[in-house]
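Student: Pasting a structure below so you can have a look.
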Amino acid sequence: LFRALRLVIPPAWQNVESMDADIRAFYEYNSMHMEPWDGPAGVVLTDGRYAVCTLDRNGLRPARWVLTKDRILTIASEVGVWQIDPANVERKGRVKPGQMVAADLETGRLLMPEDIDNELKGAQPYREWLKAGVVKLELSINQDADLAVMDAASLLTHQKLHNVSFEERDQIIRVLAEDGAEAIGSMGDDTPMAVLSQKVRSPFDYLRQQFAQVTNPPIDPIREAIVMSLNTSFGPERNLFKETPEHAHRVEVHTPLLSKEAFDKLLSLDDPSFASTTLDLHYDPTATTLEAALHALTARAVDAVKAGKVILVLSDRNLAKDRLPIHALFATGAVHHALITAGLRCNANIVVETGSVRDPHHYACLIGYGATAVYPYLAYQVIGEFVKTGEIKPNLDKALCNFRKGMDKGLYKVLSKMGISLVASYRGAQLFEGVGLHEDVVELCLKGTVSRISGANFDDFESDQKLLHKAAFNPLRPLTAGGLLKFMFGEEYHAYNPDVVQQLQKAVKTGDYAEFKKYSEIVNTRPVAMVRDLMTLKSGANPIPLEEVEPLESILKRFDSAGMSLGALSPEAHEALAEGMNRIGGRSNSGEGGEDPRRYGTVKTSKIKQVASGRFGVTATYLVNAEVLQIKIAQGAKPGEGGQLPGDKVSPMIASLRHCKPGTTLISPPPHHDIYSIEDLAQLIFDLKQVNPDALVSVKLVAEPGVGTIAAGVAKAYADLITISGYDGGTGASPLASVKYAGSPWELGLSEAQQVLRANGLRGRVRVQTDGGLKTGLDVVKAAILGAESFGFGTGPMVALGCKYLRICHLNNCATGVATQNEKLRKEHFIGLPDMVVNYFKFVAEETRELMASLGIRKLTDLIGRTDLLDLSAGDTPRQGRLKLDVLLSQGDIPADAPRFAQQERNPSFDKGELAEQMVADALGAIKSGSAIALNYAVCNINRSIGARLSGEIAKAHGSKGLPDDTIRVQLTGSAGQSFGVWNHKGLTITLEGDANDYVGKGMGGGRLVIYPPRVATFDAHRNTLIGNTCLYGATGGELYAAGMGGERFGVRNSGALTVVEGIGDHGCEYMTGGVVIVLGDTGLNFGAGMSGGMAFVVDDTNDFMSKTNKEMVELTRITSDETEPFRVFLKTQVERHLALTGSARAKALLAEFDTTLSRVWLVKPKRISIEDLVEDIPGQTREVLEA
């Protein structure tokens, strides 16, 4: 049982330096034949003898256990699920990431992780088997030294045949080779989906990366790289149910992107276990078709494996004038599926030698459709030419090493978007959506891939390749310019081309509706660029006079500006946008960077306040100054990733709002660390409704297959509004591969959400909004018909304010002052006025009314969901004509009377928070008058978000200054539910005798939380778990004292709180930008990852803390020297305070031998801050110590 579980859900062992060598060998041996499953999952099972609980490698589910003295073991996702006498508790703890605990029901013994590991590692001589069997490719330092660079004419032919453009060479390949990282871009993608394009587009462009939202989290590949690996094995996979020395006979490499030397050595291995053969991917188009050539290729592949070949090399390198290449994507997928069908897939590896792989998305597609490894010969040749001509500085070996490093980083990011840690789990997983792929192509090459609207078939792809082939062998034809990333005249169509931008700005500056109509004419009659362009309004309706249509004001109320942060935008642009939206009765969205408190309650306030994964500037005061609180799960331009603000744009003002150091690059985590499941989302929605009961809570999702099911879950989690964003949303800064290849058109996501919500009786409970590239009244009408009742605009109003669409937002040198923090550019070039925003939205609303009148529709609600009012057009090209868009308009067997739009203003939670309401009733008078009060209550785990209601009332009454310390004192006993002390505000002190669950002190901005075990408890508090995971997430101030251990991700994104705790789990102080964390005991792995501000003190009893620290951004120092005297004084003061507040036995013992304790203390600090400067960050030590 234990081995089976360890095969399927192993811990993260690849990057853990301190792991026992024998247990590491057990995991490595088994990983060769079984890819792991990542979860997130807490798995509980029994075989009759053992009751077992195991947790996924990343610890994404809570599993708390309590063992009583009379041998009753309780494991649950929360502590406090039933009442246990605290005096009867022997031990309490949690299952840590990747760990397993078991109860032997025969002997009554509790097996801890180390007991199970000892049993597993001794079962076979795994280390000896690996030593004898594993073949490691011995690679030199210069792995590409013998790469022969092609002559210029041959290289040009290869590039044209594989559709390489000048733009791709310069913006993608060159950047990877120089910087070892993906290129960053901005403004999102306003080009057509590949199937709608009238240019030749790569088959890779038809695939959209899937991403995790809500039901499981993406992983943070930057700060949690410790759980990730690209380790790749070659050789046949063997029977899982046997363990033999032969199982260890495989070749291992660290990455599936092969260097020249790795590729050559792999193919020259003289061992039948790794016998290789090359299958040429070219065919004669005069004798056969692409589809027939694919069938012939798969037959050759199956025959080769039957003949004993193990490594199949699919190569498109040997081009010829009379032959066409099969695209590597189609070849890889077809061979992969043919081998599965023949029952031979585990006997072979697919290595692809190709000219088609040049960015991380191409690489991910081939791995995702079954390739074991990739050798991108043409990208290497292009880089070789760069080096030869002096276009880049690094030498060839360094440039190719950089390229592989950047590509691997990009692949990590693609894996992490789906919450996958290992490339072995991603290989063959096909985690893509096909947009515009015909079912014949999907069935043969991409079997099982979601492709909802059909589209391009084999004939289309073959004709594309013939066009490329013709150009390739015409020496007079240069490379194409490109135009996919930026507008270029005569190249790919861009929705925000200069004509559109200039005409819109002319209209809003003059306030002339006739000029706006010229703009909307350009947009509404453009060549087909978006899915909605193939939908036309039905003619033959009975029009009505314009005055019978509902007034402008009621349409304007349905308009929001999309979330754009103060930081991405200049303060002037952000304020002009907010003022314009407030004037028309719409709502502006703060974005994820917080908001200047001076704007609260004025015409410049943003009515929508966003809560994103970085939690920048999210405090109780921020949250109570909102009409809508939006949880940004994903962003259309880069779903599965966090927001990004380059360090140049983090000015002192932006840094103060975000509680970080000026000049620090800020990249929000891909996941919300408090949303790993739909239940967690429901908890955050509850947290927000507690702190501000008057606000509506919105959840922003991005269109992808299954978004309808997610929207249904969000409605059941009691959100009031749901936004479905399209792939063509904007962004201030994002890796280009994310902008181009993730997210689907909103038309697909919105129609799916509308259908699923109606079918499940949920549509009447929530309002649905869409955003992404909306420009005109026609867009609004089509979105309403597909199911939206409100509409988000991001880029449109920004262009109205003066943005020229230069796509340099991330460089902080925006020429129009819209997207820069540079004071000179803002002062001299920003010309935007709120009037321009007002004009833009009034024009859009007026056009909407005109179109409604032409359809005979009086009220917008009469339009919502009326798909019978749309016709479908055949488009401009044969492949557009093959699209089947009727699925977007179909209502299936949904009853006609099922609501098509929200029937209620709110979607109230079943949990009425009775205890929290009682606390408010008891304390409201004292809060308003500012007089001291002490209250006592008993709590249990169904009492969630305790303190949020009180904090909200304090923030409403007294703003960000709150109340004096300890004005409102609340004493609790019992096990508190999730989010204890969430959003805690200044003046509120909550003391808990008992224990608490996840998210303690989340978002706290002031006040104090004190937690200690029941006084009658007999266990060692500092060795037992007292509070849950993700405590102090996004905290900006206040204090937390916990006399016991915390869980995983303690202090993640802490940017101001001071805390003393007696032990924590993995990923402590992750991405911390301020505050102080004092750990009086053990820590888990990966401490301090991404920590750019604040400081931590750790008492290292076991002398292994150094190996548990992520040293990329922090360094460790002792505090026994003269210059560290202020830190010693501060630490002692805080430990004394901890003792006074909690009565901690651990603090008492450490203080009794304080000089000895100091020799074991590490100070953890960011590398970029000197010890002298760090002294200034020590919080004031004048606080009065209050007895517990």
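None of the figures in this text is laboratory data; all of them are computed from the coordinates on show. Being a predicted model, the structure only gives us computed values, none of them experimental. For neighbour counting, all protein chains shown are included, and Cβ atoms are generated from backbone atoms with ideal geometry for every residue, glycine included.
Student: Return the subset of Lys538/Lys859; Lys405/Lys1111; Lys609/Lys1167; Lys131/Lys265; Lys199/Lys740 for which the Cα-Cα distance in this structure is over 24 Å, preserving the input order. Please list the in-between numbers first.
Tutor: Working: Lys538/Lys859 18 Å; Lys405/Lys1111 19 Å; Lys609/Lys1167 33 Å; Lys131/Lys265 20 Å; Lys199/Lys740 16 Å.
Result: Lys609/Lys1167 exceed 24 Å.
Student: Given axes a ≥ b ≥ c from the Cα gyration tensor, I'd like to know whether region 120-228 is rounded (a/c under 1.5), prolate (a/b larger than b/c) or oblate. Don't jump to the answer; show the numbers that get you there.
Tutor: Numbers: a/c = 2.45, a/b = 1.39, b/c = 1.77.
Judged from the Cα gyration tensor, region 120-228 comes out oblate (a/c at least 1.5, b/c at or above a/b).
Student: Something else: With a 10 Å Cβ neighbour count serving as the proxy for reagent exposure, in which order, fewest first, do His337, His659, His295 appear? Can you show the working numbers first?
Tutor: Details: His337 22, His659 26, His295 14.
Lowest to highest Cβ neighbour count: His295, His337, His659.
Student: Apply the Karplus parameterisation 6.51 cos²θ - 1.76 cosθ + 1.60, with θ equal to phi minus 60°, to every residue of region 872-888 and state each ³J(HN,Hα) to the nearest whole Hz, in sequence, with x for glycine and proline.
Tutor: With the stated coefficients, region 872-888 comes to 10, 9, 7, x, 9, 10, x, 6, 4, x, 8, 5, 10, 8, 4, 5, 6 Hz.
Student: On a straight-distance basis, which lysines could pair with Lys92 in a cross-link, Cα separation under 20 angstrom, same-chain partners fewer than 8 positions away excluded?
Tutor: Cross-link targets: Lys69.
Student: Can you tell me which aspartates and glutamates have their Cα less than 14 Å from the Cα of Lys700? Leave out same-chain residues fewer than eight positions away.
Tutor: Asp560, Glu592, Glu641, Asp720, Asp771
Student: Name the residues whose placed amide hydrogens come within less than 5 Å of the amide hydrogen of Val1114, ignoring near sequence neighbours (fewer than 5 apart) on the same chain.
Tutor: Long-range HN contacts for Val1114: Lys1167.
Student: Shifting gears a bit: Give a quick list of GluC sites (Glu not before Pro) in region 902-946 that DSSP marks as loop, anything other than H, G, I, E or B, with at most 13 other Cβ atoms within 10 Å. Please list the in-between numbers first.
Tutor: Details: sites: Glu905, Glu914, Glu917; in loops: Glu905.
Passing sites in region 902-946 are Glu905.
Student: Just want the answer: with Cβ charges of +1 for Lys and Arg and -1 for Asp and Glu, which residue in Pro639, His162, Pro218 is farthest toward the dipole's positive end in the chain?
Tutor: Most positive-ward Cα: Pro639.
Student: If you compute log10 I(q)/I(0) by the Debye sum over Cα atoms at q = 0.06 Å⁻¹ for the structure shown, which of (i) -0.57; (ii) -0.50; (iii) -0.73 do you land on?
Tutor: Identified label for the calculated read-out: (ii).
Student: Collect residues whose amide H, placed 1.01 Å from N in the peptide plane, falls under 5 Å from the amide H of Val611; neighbours closer than 5 in sequence don't count.
Tutor: For Val611, the qualifying residues are Gln630, Ile631, Lys632.
Student: So, with +1 on the Cβ of K and R and -1 on the Cβ of D and E, and no other charges, what is the size of the charge dipole of region 280-343 about its Cα centre, to the nearest 20 debye? Could you put the intermediate results ahead of the total?
Tutor: On the way: 6 positive and 6 negative charges, 36 e Å.
Charge dipole, region 280-343, about its Cα centre: 180 debye, nearest 20.
Student: Straight-line reach from Lys1148: which lysines have Cα under 16 Å away, leaving out those fewer than 8 places along the same chain?
Tutor: Candidates past the 8-residue exclusion: Lys1132.
Student: Among Ile946, Phe559, Ala712, which residue has its Cα positioned farthest towards the positive end of the charge dipole of the chain, with +1 placed on the Cβ of Lys and Arg, -1 on the Cβ of Asp and Glu, and the dipole taken about the Cα centre?
Tutor: Going by the charge dipole, the pick is Phe559.
Student: Please list, in chain and number order, the residues 5+ apart from Asn943 or on another chain whose amide H is under 5 Å from its amide H, with Hs placed from the backbone.
Tutor: Gly977
Student: Dipole magnitude of region 2-133 about its Cα centre, charges +1 at Lys/Arg Cβ and -1 at Asp/Glu Cβ only, in debye to the nearest 20? Mind dumping the intermediate values first?
Tutor: Details: 17 positive and 19 negative charges, 35 e Å.
Once rounded to the nearest 20, the dipole reads 160 debye.
Student: Between region 648-677 and region 69-148, what is the separation of their alpha carbon centroids in Å?
Tutor: 35
Student: Here is a further query. Using Stokes-Einstein with the Kirkwood hydrodynamic radius over Cα pairs, what translational diffusion coefficient do you get for region 385-452 at 4 °C and a viscosity of 1.567 mPa s, in µm²/s rounded to a whole number? Numbers along the way, then the final one.
Tutor: Working: Rh = 14.9 Å.
Rounded to a whole number, D works out at 87 µm²/s.
Student: Placing +1 at every Lys and Arg Cβ and -1 at every Asp and Glu Cβ, with all other atoms neutral, what dipole size does region 903-998 have around its Cα centre, in debye to the nearest 20? The partial results should precede the final answer.
Tutor: On the way: 9 positive and 11 negative charges, 73 e Å.
Taking the Cα centre of region 903-998 as origin, the dipole is about 360 debye.
Student: Once each part is reduced to its C-alpha centroid, what is the distance from region 257-299 to region 959-976 in angstrom?
Tutor: Region 257-299 and region 959-976 have Cα centres separated by 69 Å.
Student: Picking from Val1098, Leu422, Gly455, whose Cα lies most toward the positive end of the charge dipole for the chain (charges on Cβ: Lys, Arg +1; Asp, Glu -1)?
Tutor: Gly455
Student: ³J(HN,Hα) across region 505-518 via Karplus (A = 6.51, B = -1.76, C = 1.60, θ = phi - 60°), whole Hz, x for Gly/Pro?
Tutor: Once θ is set to phi - 60°, the couplings for region 505-518 become 5, 4, 5, 6, 6, 7, x, 9, 5, 5, 5, 4, 4, 5 Hz.
Student: Set the bar at 21 Å for Cα to Cα. Now go through Lys1108/Lys1165; Lys160/Lys413; Lys96/Lys242 and name every pair that lies beyond it.
Tutor: Numbers: Lys1108/Lys1165 15 Å; Lys160/Lys413 29 Å; Lys96/Lys242 29 Å.
In this structure, Lys160/Lys413; Lys96/Lys242 exceed 21 Å between Cα atoms.
Student: Could you tell me how far the Cα centroid of region 1007-1034 sits from the Cα centroid of region 444-482, in Å?
Tutor: 61
Student: Highest mean first, how do 462-468, 9-15 rank when packing is the count of other Cβ atoms within 10 Å averaged over residues?
Tutor: Numbers: 462-468: 16.4, 9-15: 20.6.
In decreasing order of mean packing, 462-468, 9-15 become 9-15, 462-468.
Student: Per-residue HN-Hα couplings for region 1081-1093, Karplus 6.51 cos²θ - 1.76 cosθ + 1.60 at θ = phi - 60°, whole Hz, x for Gly and Pro?
Tutor: x, 6, 10, x, 7, 6, 6, x, 5, x, 6, 10, x
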